[in-house]
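Below you'll find the structure, written out as structure tokens, and then a few comments.
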Protein chains: 2
Amino acid sequence: MRAYNFSAGPAALPLEVLQQAADEMLDWQGSGMSVMEMSHRGREYTSIHEAALGDLRELLAIPSSHRVLLMQGGGLAENAIVPLNLLGARRRADYVVTGSWSGKSQKEALRYCDAHVAVSTAAGGFVRVPSLDEWQLSPDAAYVHVCTNETVNGVEFAEVPALGDVPLVADISSHMLSRPLDIARYGALYGGAQKNVGIAGLTVVIVREDLLDRALAICPSAFEWKTVAQNNSMYNTPPTYAIYIAGLVCQWLKRQGGLAEIERRNIAKARLLYETIDRSAFYANPVQPDARSRMNVPFTLADESRNAAFLDGARERGLTQLKGHKSVGGMRASIYNAMPMAGVEALVDYMTAFEREQA
Amino acid sequence: MRAYNFSAGPAALPLEVLQQAADEMLDWQGSGMSVMEMSHRGREYTSIHEAALGDLRELLAIPSSHRVLLMQGGGLAENAIVPLNLLGARRRADYVVTGSWSGKSQKEALRYCDAHVAVSTAAGGFVRVPSLDEWQLSPDAAYVHVCTNETVNGVEFAEVPALGDVPLVADISSHMLSRPLDIARYGALYGGAQKNVGIAGLTVVIVREDLLDRALAICPSAFEWKTVAQNNSMYNTPPTYAIYIAGLVCQWLKRQGGLAEIERRNIAKARLLYETIDRSAFYANPVQPDARSRMNVPFTLADESRNAAFLDGARERGLTQLKGHKSVGGMRASIYNAMPMAGVEALVDYMTAFEREQA
């Protein structure tokens, strides 16, 4: 039996994607070889690479001003790669800290610059998105960095402000492809693929072309966005199989109706889960309603001594990977694109039954 | 029909590995999920991770003095990551340049230090391994770098010299796991997995533990060997599926009899191919016999105008990816572990027939 897998990432994939990957494993479309075995320079892999890039552009409606790069190292590596590529002659960057991940981004950037905390919501426990008038921006910042969905804290930006000339850089790891984004507002966006895009080992970077000339001399060439762009993401051997899976996910998304339709479903899934939490005194989520993530829903039990029993009972029903992040505790349900409404329904049914048992 | 795939990498995988990956794609060992969908912190993936690390240690007989790290970015990224981790307070490193890949390593290191060319065999066309008395080593070098198998030029070190106190660093990308190595001789070894170990997107690094304290402050933490070691290669999300495939390849290697047996087979395969080249005036390989690679065999036709016809005929017989690297021309047969003797026999039969047709 396939479980409903609520892992925060690596995370559930659409069953159709896994089925196609299994079917094509030994022989991709009559080529006589697995995708894993293809030279990245050959015509078979080239067609997979171009299709994935094209489908990412189409799904996200990426304007011609921006390039898409397929890289490695995940979000944590990009935390260094961003300043290495964007500082140019400047020595300061602004960081908006709204949770665990943007906090890590800011700390890593300190290796390369004065990474200024423009605003932090740590004092309130990372439960909100600060409004623009709270952001103490530096006049000389090379960029302003945000994390538009905090996977650990369950905080999501509904929208980002227009900042004028200073490039806005966003870590979109855990909600990339879950909703349409106005890419033109951003200087750069990046994310690990292991939530909504595919599997671990692929990082998607979207960057405005005019920002490609700002890399520091100490940036490794394999991580220099300009070099990666000039080589169509083949400067070093790309993670070919991870890109193939991302391509299958993109095709699946297009069959579902694209990001507008997937957003509609994600709104409905999140609403059902938050309503279940809110109408009960037994469950709680601390995030302000307008900042709640559609992707990652942390919640606690009024009686924390029941956590293990909750998780055990969930597992018995095939509801897996619900344990919360250690820094937050309790539970976390990550309900990415591949989680069907039926999975969320099974979860809320179980939550209701579990609460009743405790009464 | 499965082809005999002579790609230099990504390259052919053992059929048994692909079959197992296909069989387990939807449900790994009753877990209800694909390996692709597992949290890297969960007990299922942890068992895969530990087994892969353990099998790599066992196959390569890695002494307890050395750590194994599972990273991302491939050999080209490591070309920067090596100096970023090993320079410490020194400003110089020595590079032995025996082909295209070691040349790239030296150029990349210039971003971080005085990357001194201790010896280069470029003048002779990269057809040999220089003896130690030719190496002009610097007294203050942080390390000496070699590439022990040059994928493009087909030059392989039969052994490496003992250098005393200065750490020897080797790019072993294209012959890792093809033969036993005396790991204790090396300060660090690294390689992309996409030749003998598995698929693109995984980099294996083996480093002597006492060298973990030499990283520069500008080294991204995701690529700092000490940080990766302290977190058991889980500082950032590891490329979990690529590590799973590497684990399957290691299990396959153990079933074959380990590296001693696989070396015996690789010697036999290479001998058959080089003998076919040498006994004909129609085919040629320029590399000195004692430096010829067992993994990558470049060869040219006496009549280069026949190259396209040779490749077309090969493809018709299911012998694929034989086109040589653009910098060398002609053909290249990469005969990694997963290439069976039957594949090399099919190639030499074709070569003999093709030559006869030309006469």
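List of remarks:
- A straight chain from B:LYS107 to B:ASP27 at 0.36 nm per residue would run longer than the Cα-Cα distance by 24.3 nm.
- Applying the Karplus relation 6.51 cos²θ - 1.76 cosθ + 1.60 with θ = phi - 60° to region B:180-193 yields 3J(HN,Hα) values of x, 10, 8, 4, 4, 6, 10, x, 8, 9, 8, x, x, 7 Hz, where x marks Gly and Pro.
- Relative contact order of region B:179-232, pairs being alpha-carbon contacts under 8 Å that are 6 or more residues apart, as %: 24 percent
- Spin-label model, A:ALA284 to B:THR352: label points 7 Å out along the Cα-to-beta-carbon direction sit 8.1 nm apart.
- A Förster radius of 41 Å, combined with the Cβ-Cβ distance separating A:ASP312 from B:ASP210, puts the computed FRET efficiency at roughly 0.35.
- P(r), alpha carbons of chain B - 10 Å bins starting at zero, rounded %: 5, 25, 31, 24, 12, 3, 0
- Residue order, fewest to most surrounding Cβ atoms within 10 angstrom, among B:HIS40, A:HIS175: B:HIS40, A:HIS175
- Kirkwood Rh (inverse of mean 1/r, distinct Cα pairs), region A:258-358, angstrom: 13.8 Å
- Here region A:4-70 is described by how far its Cα atoms reach on the three principal axes: 39, 37, 16 Å, from widest to narrowest.
- Just so you know, the Cα atoms of the protein assembly as shown work out to an Rg and Dmax of 26.2, 92 Å.
- Peptide B:24-37 shows a mean partner chain C-beta count of 6 within 10 Å per residue C-beta.
- Close amide H pairs (under 5 Å, H built 1.01 Å from N) link A:ASP114 with A:ARG92, A:ALA93, residues at least 5 positions away or on another chain.
- Global size of region A:56-105 as Cα Rg and Dmax, reported in angstrom: 13.5, 35
- Counting only Cβ charges, +1 for Lys and Arg and -1 for Asp and Glu, the dipole size of chain B around its Cα centre is about 260 debye.
- Working note: Karplus 6.51/-1.76/1.60 with θ = phi - 60° gives region A:204-215 the couplings 9, 10, 10, 9, 5, 4, 6, 9, 7, 9, 10, 5 Hz, where Gly and Pro are set to x.
- Residues whose placed amide H lies under 5 Å from that of B:CYS147, excluding near-sequence neighbours: B:THR98, B:ASP171
- Bridge type composition, the protein assembly as shown - antiparallel percent by DSSP, nearest 5: 55 percent
- Cβ-based exposure ranking for B:VAL197, B:VAL328, B:VAL205, in which fewest neighbours within 10 Å come first: B:VAL328, B:VAL205, B:VAL197
- If a spin label sat at a point 7 angstrom from the Cα of B:ALA260 along the line to its beta carbon, the backbone N atoms of region B:18-57 nearer than 19 Å would be those of B:55-57.
- Chain A - mean residue ellipticity at 222 nm from DSSP helices (-39,500 (n - 2.57) per run, n ≥ 4, rounded to 500): -11000 deg cm²/dmol
- In region A:1-113, the C-alpha radius of gyration followed by the widest Cα-Cα span (Dmax) gives 19.2, 56 angstrom.
- Sorted fewest first by neighbouring Cβ atoms within 10 angstrom, B:TRP101, A:TRP28 come out as A:TRP28, B:TRP101.
- Shortest-first distances to equivalent copies, position A:SER47, nm, label 7 Å out along Cβ: 3.9
- Chain B: DSSP helices with Cα axial extent of at least 20 Å and average Kyte-Doolittle hydropathy no lower than -0.5: B:43-60, B:240-256, B:258-278, B:341-358
- Sorted shortest first, the separations between the A:SER65 label point and its copies elsewhere in the assembly read 5.7 nm; each point sits 7 Å from Cα along the Cα-to-Cβ line.
- Across identical copies of the chain, A:ASP114 has label-point separations of 3.4 nm, listed in ascending order, with the point defined 7 angstrom from Cα along Cα→Cβ.
- Anchor A:LYS226: lysines whose Cα lies under 28 Å away (excluding residues fewer than 8 positions away in-chain): A:LYS104, A:LYS107, A:LYS195, B:LYS104, B:LYS107, B:LYS195, B:LYS326
- Subtracting the Cα-Cα distance of B:ASN231 and B:LEU15 from 0.36 nm times their residue separation leaves 74.5 nm of extension gain.
- Distance between the pseudo-spin-label points of B:ASP182 and B:ALA302 (7 Å out from Cα toward the beta carbon): 4.2 nm.
- Between B:ALA284 and B:THR300, the built amide H atoms are under 5 Å apart, and every one of these is 5 or more places off in sequence or on another chain.
- Ranking B:PRO161, B:LEU53, B:SER105 by how far each Cα lies toward the positive end of the dipole of chain B (charges on Cβ) leaves B:SER105 at the top.
Throughout, read-outs are computed from the coordinates displayed, never taken from laboratory work. Just so we're clear, the structure is a prediction, and the values are computed from it rather than from any experiment. Because the Cβ atoms are built from the backbone with ideal geometry, glycine has one as well, and the counts that use them run over all protein chains shown.
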